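As structure tokens, the structure follows; a few thoughts come after it.
The values are calculated or read from the model by the stated rules, or taken from the named source; none is laboratory data. Given the structure is predicted, the values throughout are model-derived calculations rather than measurements. Cβ coordinates were reconstructed from backbone atoms using ideal geometry, including for glycine residues, and neighbour counts include every protein chain displayed.
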Amino acid sequence: MRNALMVDGLVITTDNSAAIGEKPHDIVHVPDEIAAKFAARVALVEQWAAGGEAIAILLHNFSGELQWPRYVSGITQLFSELDMPVPPVSGSTESNIETLQSALAVTIIGRKLHELTDPHELEWFIYGEPLVGEAVITHPERIADLRIVKNALDHDQIERIWPIGSGGIEREAAKLFGLPMPLAQGISKEDSGGPATCLLIGVNKYKVEEAKRLFGKYFRELIE
């Protein structure tokens, strides 16, 4: 699995964020809640991609004591928007040295629920567009909607997902299938997916038309 560590039935996923937040020297200026929400989003999506269910969260806060409640609020927002209970949150804060830029990491510990279908047995699609930085804030309509994804997973309308990271769609597709694949025309193959704004969706061939109706405009075929 992409960034998931599996140990004794547990799934451990993580994502980090640097120079994104409310400090004067940050490169991307957004509320701290948003920075934490998107870091948690990546770790949560990777749980789903590995067949896991979140049971605990570790927050690594390098920004300072003032940021801790804001980061926890952002994580809480993510789970609340998905109508999911917020797992217990623990972690640590850098309080001895004041940093010039924001930095955090969110690690989710999950319980593996089920085995994954072989990717070669499914039809694969791209949902959302690869976005990074300010584009994540300015183009929310292009981001994969996790509420739709979760509902589709819960109702067996889709089989698997695979988040797109900084390496882009072409690299992640090669990881998923174990070898390079002939991607469809018009795909931004190398653009970073930032905080999992873009996902690969694996669908049973008998449910493809249903999935197309469900996911709408930003849902398109992956492979030629």
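Filter the stretch 184-224 down to the residues that are under 19 Å from the mean Cα position of the chain (by Cα) and among the acidic types (Asp, Glu) and list them by number. Answer for the stretch 184-224, where residues must be under 19 Å from the mean Cα position of the chain (by Cα) and among the acidic types (Asp, Glu): Glu190, Asp191.
Just checking, does the stretch 79-94 include any residue being closer than 13 Å to Thr197 by Cα, crowded, with 16+ Cβ neighbours inside 10 Å and hydroxyl-bearing (Ser, Thr, Tyr)? There is no residue in the stretch 79-94 that is closer than 13 Å to Thr197 by Cα, crowded, with 16+ Cβ neighbours inside 10 Å and hydroxyl-bearing (Ser, Thr, Tyr). Say we look at the stretch 154-164 and pick out the residues that are assigned to a loop (DSSP other than H, G, I, E, B) and either of a type in the set (Val, Ile, Thr) or not assigned by TED's automatic domain parsing to the domain that holds Met181 (or both); which of these is nearest to the chain's Cα centre (by Cα)? Restricting to residues being assigned to a loop (DSSP other than H, G, I, E, B) and either of a type in the set (Val, Ile, Thr) or not assigned by TED's automatic domain parsing to the domain that holds Met181 (or both), the top hit is Ile164. Residues of the stretch 48-72 that are more than 23 Å from Arg147 (Cα to Cα) and hydroxyl-bearing (Ser, Thr, Tyr): Ser63 alone.
Per-residue answers, yes or no, for (1) under 16 Å from Glu22 (Cβ atoms); (2) within 17 Å of the chain's Cα centre (by Cα); (3) not polar (S, T, N, Q):
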| position | (1), (2), (3) |
| --- | --- |
| Pro88 | no, no, yes |
| Asn96 | no, no, no |
| Thr107 | no, yes, no |
| His120 | no, no, yes |
| Gly128 | no, yes, yes |
| Ala135 | no, yes, yes |
| Ala144 | no, yes, yes |
| Val149 | no, yes, yes |
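For the stretch 110-121, state whether one or more residues are of a type in the set (S, T, N, Q) and either free of Cβ contacts under 8 Å to residues at least 40 places away in the same chain or in contact with a Ser or Thr (Cβ under 9 Å, 6 or more places away or on another chain) (or both). No, the stretch 110-121 contains no residue that is of a type in the set (S, T, N, Q) and either free of Cβ contacts under 8 Å to residues at least 40 places away in the same chain or in contact with a Ser or Thr (Cβ under 9 Å, 6 or more places away or on another chain) (or both).
Just so you know, in the stretch 134-153 the residues that are at pLDDT below 95 and either assigned by TED's automatic domain parsing to the domain that holds Ala35 or part of a helix (DSSP H, G or I) (or both) include one that is surrounded by the most Cβ atoms within 10 Å (Cβ to Cβ), and it is Val136. Of Trp48, Trp68, all but one fail to be over 23 Å from Ile158 (Cα atoms), touching a strand residue (DSSP E or B) at 6+ places or on another chain (Cβ under 7 Å) and among the aromatic types (Phe, Trp, Tyr); the exception is Trp68. Evaluate the stretch 173-192: report whether one residue or more is surrounded by 13 or more Cβ atoms within 10 Å (Cβ to Cβ), assigned to a strand (DSSP E or B) and out of contact with any Gly (no Cβ under 9 Å at 6 or more places or on another chain). Looking for residues that are surrounded by 13 or more Cβ atoms within 10 Å (Cβ to Cβ), assigned to a strand (DSSP E or B) and out of contact with any Gly (no Cβ under 9 Å at 6 or more places or on another chain), one finds at least one in the stretch 173-192, hence yes.
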